[in-house]
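The values are calculated or read from the model by the stated rules, or taken from the named source; none is laboratory data. This one's a predicted model, so the numbers in the text were calculated from it and none came from an experiment. Backbone-built Cβ (ideal geometry, glycine too); neighbour counts: all protein chains shown. Ligands, DNA and RNA are excluded from the accessible area calculation, which covers all protein heavy atoms including side chains. Shrake-Rupley method; radii C 1.70, N 1.55, O 1.52, S 1.80 Å.
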Amino acid sequence: MLRRLIESLESCPMVRRGEYNYFIHPITDGVPIVEPALLREVACAMVCVMDLAGVDKIVTAEAMGIHIGTTLSMMTDIPLTIMRKRQYNLPGEVAVHQSTGYSSGELYLNGIERGDRVAVIDDVISTGGTMRAVIAALEGAGAEIADICVVIRRGEADVGRPFTTLVSIEVDESGVHVVDTCR
Ligand SMILES: O=P(O)(O)OC[C@H]1O[C@H](OP(=O)(O)OP(=O)(O)O)[C@H](O)[C@@H]1O
Ligand code: HPA
């Protein structure tokens, strides 16, 4: 079922970002090209593995959760909000600090009301810094997190809550190796 995702991961290029081996893939980077069939495969798998019952809103983080979140939103008719790296100063905006293996900054949550039941999705989890920031923002806003799903798990990050992944990978100098799948 995840044939396109697995094959494209195992053949994708990699670059160094400081000490970090950064793999480059359509789902995590939007380059070189995002094939509709791959996006459909990923979003269909998410619909299958996630608990979306009673979910009011899908939450993702800028930038590379957006194409996945949009596809899932269109398939499920559940509205989407995107945590942005830009501050809007709207009433109720929640700011949190995000750090990854190669960057750090702020993320801003808008559009969530106390008691909202939300599903969180993202493209990849590596250090878990982004997901921990997203969870902290949602807790700060008083949301109930129904489910969390990331397409690609890289490593063993702990985000303090269970989450589902479509594939788990290991990355070394020779490239990406898929070591587990959700089905
Ligand atoms: O588990 P972590 O170490 O936090 O890494 C995962 C995060 O890194 C990437 O985001 P990034 O902040 O690079 O922004 P982008 O989506 O704009 O590329 C990716 O989209 C995840 O959100
Ligand atoms: O190696 C990576 N590639 C793409 N996106 C990422 N986000 C965290 N790590 C990575």
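Identify, please: which residue in the range 149-170 is assigned to a strand (DSSP E or B) and within 12 Å of ligand 1 (Cβ to nearest atom) and is, among those, farthest from M50 (Cα to Cα)? Step by step, filter the range 149-170, then rank; the result is R154.
Can you pull out every residue in the range 22-35 that is buried (at least 16 other Cβ atoms within 10 Å of the Cβ) and of a type outside the set (A, V, I, L, M)? Once the filter is applied, which keeps residues that are buried (at least 16 other Cβ atoms within 10 Å of the Cβ) and of a type outside the set (A, V, I, L, M), the range 22-35 yields Y22, F23, H25, P26, T28, D29. The sole residue among T165, T100 that is modelled with pLDDT under 95, open to solvent by less than 50 Å² (accessible area, probe 1.4 Å) and within 16 Å of ligand 2 (Cβ to nearest atom) is T100. Residues considered: M83, M64, M131. Of these, the only one that is touching a strand residue (DSSP E or B) at 6+ places or on another chain (Cβ under 8 Å), within 16 Å of ligand 2 (Cβ to nearest atom) and in a loop (DSSP other than H, G, I, E, B) is M64. For the range 103-119, a residue qualifies if it is of a type in the set (A, V, I, L, M) and within 16 Å of ligand 2 (Cβ to nearest atom), and exactly one does: L107.
When I66 is tested against the conditions (1) under 12 Å from the mean Cα position of the chain (by Cα); (2) in contact (Cβ under 8 Å) with a residue 24 or more places away in the chain, the lone failure is (2).
For the range 124-145, filtered to residues that are within 17 Å of the chain's Cα centre (by Cα) and open to solvent by 30 Å² or more (accessible area, probe 1.4 Å), the residue that is farthest from ligand 1 (Cβ to nearest atom) is A136. Of the residues making up the range 103-123, those that are farther than 20 Å from V150 by Cβ and surrounded by fewer than 19 Cβ atoms within 10 Å (Cβ to Cβ) are E106, N110, G111, E113, R114, G115. Name the single residue that is surrounded by the fewest Cβ atoms within 10 Å (Cβ to Cβ) among those in the range 67-80 being among the aliphatic types (A, V, I, L, M) and not in a strand (DSSP E or B). Top of the filtered list is M74. Looking across T70, T28, one residue alone is of a type in the set (S, T, N, Q) and farther than 23 Å from V171 by Cβ. It is T70.
Out of curiosity, is Y88 away from ligand 2 (no atom under 16 Å from the Cβ), among the aromatic types (F, W, Y) and in contact with a Phe, Trp or Tyr (Cβ under 8 Å, 6 or more places away or on another chain)? Judged against the criteria, Y88 is a match.
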